[in-house]
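The values are calculated or read from the model by the stated rules, or taken from the named source; none is laboratory data. Please read these numbers as outputs of a predicted model, since none were measured by experiment. Please note: Cβ atoms are built from the backbone with ideal geometry, for glycine as well, and neighbour counts cover all protein chains shown. When the accessible area is computed, the model is the full protein with side chains, heavy atoms only, and any ligands, DNA or RNA have been set aside. Shrake-Rupley method; radii C 1.70, N 1.55, O 1.52, S 1.80 Å.
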Amino acid sequence: MKNTAGEEQMMMVAANCSGYEAISNAMTNSIGGCNSKSCSNCKHWSNQNCSINLFDSVLTSVDQT
């Protein structure tokens, strides 16, 4: 099942995900920048889906805080 999360959710999940691994070492922390920390910039993100199945659990834990 493909994820339909918005970029804001993907940035929030990436910031709180223990499995996040940047595609590039040239990542920046600027919000909204083309290289912002986001699921879309994680090596585990493919075809709108987290290949290590952490997205939903991280999103749920962030939403509950």
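Please verify whether Lys43 is open to solvent by 90 Å² or more (accessible area, probe 1.4 Å), basic (Lys, Arg) and modelled with pLDDT of 90 or more, treating the condition exactly as stated. Here the answer is yes, as Lys43 does meet what is asked.
Residues in the range 8-15: is at least one in contact with a Phe, Trp or Tyr (Cβ under 7 Å, 6 or more places away or on another chain), in a helix (DSSP H, G or I), open to solvent by less than 100 Å² (accessible area, probe 1.4 Å) and modelled with pLDDT of 95 or more? Yes, the range 8-15 has at least one match. Filter the range 46-65 down to the residues that are at pLDDT 95 or above and in a loop (DSSP other than H, G, I, E, B), then identify the one that is surrounded by the fewest Cβ atoms within 10 Å (Cβ to Cβ). So the residue we want is Asn53. State yes or no: is Thr4 touching a Cys at 6+ places or on another chain (Cβ under 9 Å), of a type in the set (Ser, Thr, Tyr), modelled with pLDDT under 95 and assigned to a loop (DSSP other than H, G, I, E, B)? So Thr4 fails the test. Name the pairs: first residue in the range 53-65 and among the aliphatic types (A, V, I, L, M), second residue outside any helix (DSSP H, G or I), Cβ to Cβ under 6 Å, at least 6 apart or on different chains? Correct list of pairs: Leu54/Cys17; Leu54/Gly19; Val58/Cys17.
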